[in-house]
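Below is one structure, written out as structure tokens; the observations come after it.
The values are calculated or read from the model by the stated rules, or taken from the named source; none is laboratory data. All of these numbers come straight from a predicted model, not from anything done at the bench. Here the Cβ positions follow ideal geometry from the backbone for every residue, glycine too, while neighbour counts run over all protein chains shown. Just so you know, the surface numbers come from the protein's heavy atoms only, side chains and all, with ligands and any DNA or RNA stripped out. Shrake-Rupley method; radii C 1.70, N 1.55, O 1.52, S 1.80 Å.
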Amino acid sequence: MNRRTFLAMASALAITACTTTPTEVPNKLGPDGKPLPRLYRIGPGDRAKIQYRLLDSVNALRQAAGAPALSLDSKLNAAAATHARDMSVQNRPWHFGSDASSPIDRVARVGYQGRLVGETISETYETELETLAAWMEEPSTRTVILDPSATDVGFEWFQEDNGKIWWCMVLGAAGGAPVVTSSLQ
């Protein structure tokens, strides 16, 4: 009886030694030698956590650049959410909506009483902070994010079933001249 128990335990240990835990699985590398991205799945209860984590990060970057902090604005969030979903429908990251709307049009539609500073967009499988880091590497989006006239921000996304995320961040300046709807109707 003891011999059978010993053999069973030894077999179990041998089988366990052949398996790996998720933390031991090596990262697969892409052709550029960098680790391939892992699926970042956003849950239904993650919205506020993601928005405030990004807001804190953007404000830290702005503070380092001498720009004032931004406030999260629900109307700009609505404009960003509309465009994130629409980019997914169009299957391309660009600043014009499927109805030919521009960022100015979308900000006006949601009733934002201020001036559009700019919009940053992305199509990726990366987290919001990885996306922010990529935006900061590009001079055009970095300029928008650090624009000292911006006072408000809206940040939203749409995640497809396959994990692809369409990110959209809209910055505005409250108290500036209201946005004017463009002629692209």
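Could you pull out every one of the lysines with an alpha carbon less than 22 Å from that of LYS28, ignoring same-chain neighbours closer than 8 positions? Answer for LYS28, where 22 Å is the Cα cut-off: LYS164, listed by chain and number. For segment 46-173, carbon and sulfur atoms together expose 52% of the accessible surface, with a 1.4 angstrom probe and every protein chain in place. The gain in end-to-end length when the ALA64 to ALA48 segment is fully stretched comes to 3.3 nm, 0.36 nm per residue minus the alpha carbon separation. Would you work out if segment 124-172 is rounded, prolate or oblate? Take a ≥ b ≥ c from the square roots of the eigenvalues of the alpha-carbon gyration tensor; rounded if a/c is under 1.5, else prolate when a/b is larger than b/c, oblate otherwise. Oblate. Full extension of the segment from ARG85 to ALA133, taken as 0.36 nm per residue of separation minus the current Cα-Cα distance, would add 15.1 nm.
With a simple spin-label model that places each label point 7 Å from the Cα along the Cα-to-Cβ direction, the separation between LYS34 and THR143 comes to 2.4 nm. In this Cβ point-charge picture (+1 for Lys and Arg, -1 for Asp and Glu), segment 46-173 has a dipole of about 320 debye about its Cα centre. I'd like the distance separating the alpha-carbon centroids of segment 30-57 and segment 84-148, in whole Å. About 17 Å separates the Cα centre of segment 30-57 from the one of segment 84-148. Highest mean packing first, where packing is the average number of other Cβ atoms within 10 Å per residue, the peptides 90-101, 41-52, 74-85, 160-171 line up as 74-85, 160-171, 90-101, 41-52.
The residues of segment 46-173 have, on average, 44 Å² of accessible surface per residue, using a 1.4 Å probe with all protein chains present.
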